Amino acid sequence: MTERERDEQEDRADAWFHALADRTRRDILRRVLAGEHSVSALAQGYDMSFAAVQKHVAVLERAGLLTKRRQGREALASGDLEAVRSVGALLTELESLWRGRISRMDELLAGALQPDNQSDNQPDPHNQPTHPTHRTD
Amino acid sequence: MPVTDVQHDLDARTLTITADFAAPVERVWDVYADARQLERVWGPPGYPATFVDHELAPGSRTTYYMTSPEGEKYYAYWNVESVSAPTGFTFTDGFALDESFTPNEEMPESSQVFRFTGTDAGTRATFVATYADAESLQKVLDMGAVEGSTLAINQIDDLLAS
């Protein structure tokens, strides 16, 4: 990955989390993931001005979590499931690390963990025989 | 399966893992208190961890590194904050520049809360990891060293399941 691609990826992650850090925007996103809604229909569900709801929709759109299309005088919004999945994927990657740690922990507690390659380079004094096991005579 | 629950909180950048172990609380505690046992569970497959200094005491600093399959070393540290043996401890986990274990200012620290409680079956452990923001989380994941081959294996699973 180039430096530029990495920057773009991080900017995108920032935009996702910023967009999702608001209760109204999460609610709007849940509704538009379930189906296409006009912005005016969305605005009826909230105790705030049409303009305020429009601004929330714009934040979600800039973050790429929602797409809009025009039909006549109406703006129709729908959620982008792929983008939502990508947000979850960040934490899922971390989850896989923890699942690995915990399953090794379980093996260690069960006494079933076999010495791995590491013990070749890093001799564990507890596992080393105290006397040579072969005879020289 | 020892992992019984996983909660992702996207707003708080928090990952909460709950696991049940068939061993008493004191035994689970020992794994974290003893560097030799801890290094057998901490690094992902292919990235074994070596703990250089490790003592679970408030204010103490744990230093460790993980070695990649190519022999590259990734240095890291814990700043141990609070300890209540054998039921839990809290610490910040961060990346270091080199074998001097000077914190890498470019890399984020994460806040970790480990809790162990006795159950009929043994021990319930909860591990809560909190990242400051999305960028921190992304940087940690970009390190690659931390998830390594576990991720690769999971991707294969996903592919087979789709």
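The values are calculated or read from the model by the stated rules, or taken from the named source; none is laboratory data. Worth saying up front: this structure is predicted, and the values here are computed from it rather than measured. Note: ideal-geometry Cβ built from the backbone for every residue, glycine included; neighbour counts use all protein chains shown. For the accessible areas, the whole protein counts, side chains as well, though only heavy atoms, and no ligand, DNA or RNA atoms are used. Shrake-Rupley method; radii C 1.70, N 1.55, O 1.52, S 1.80 Å.
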- prompt: Which shape class, rounded, prolate or oblate, goes with the stretch B:1-83 when its Cα gyration tensor gives a ≥ b ≥ c as root eigenvalues, a/c under 1.5 marks rounded, and past that a/b bigger than b/c marks prolate?
  reply: rounded
message: Which of rounded, prolate or oblate describes the stretch B:68-114 when judged by the alpha-carbon gyration tensor and an a/c cut-off of 1.5?
response: prolate
message: Just to be sure I understand: if you take the accessible area of chain A alone plus chain B alone and subtract the pair, with a 1.4 Å probe, what total do you get in Å², rounded to 100?
response: 4000 Å²
message: Loop only by DSSP, 14 or fewer other Cβ within 10 Å of the Cβ. Give me the GluC sites (Glu not before Pro) in the stretch B:24-109 that pass, ordered by residue number.
response: B:Glu55, B:Glu70, B:Glu72, B:Glu99, B:Glu105, B:Glu106
statement: Using alpha-carbon positions, the gyration tensor of the stretch A:24-79 gives root eigenvalues a ≥ b ≥ c; with a/c under 1.5 called rounded, otherwise prolate if a/b exceeds b/c, else oblate, the class is rounded
- prompt: What FRET efficiency comes out for the pair A:Ala52/B:Glu105, r = Cβ-Cβ distance, R0 = 45 Å, nearest 0.05?
  reply: 0.70
query: When we measure straight from the Cα of B:Lys139, which lysines land under 20 angstrom away, once same-chain ones fewer than 8 places off are left out?
result: B:Lys73
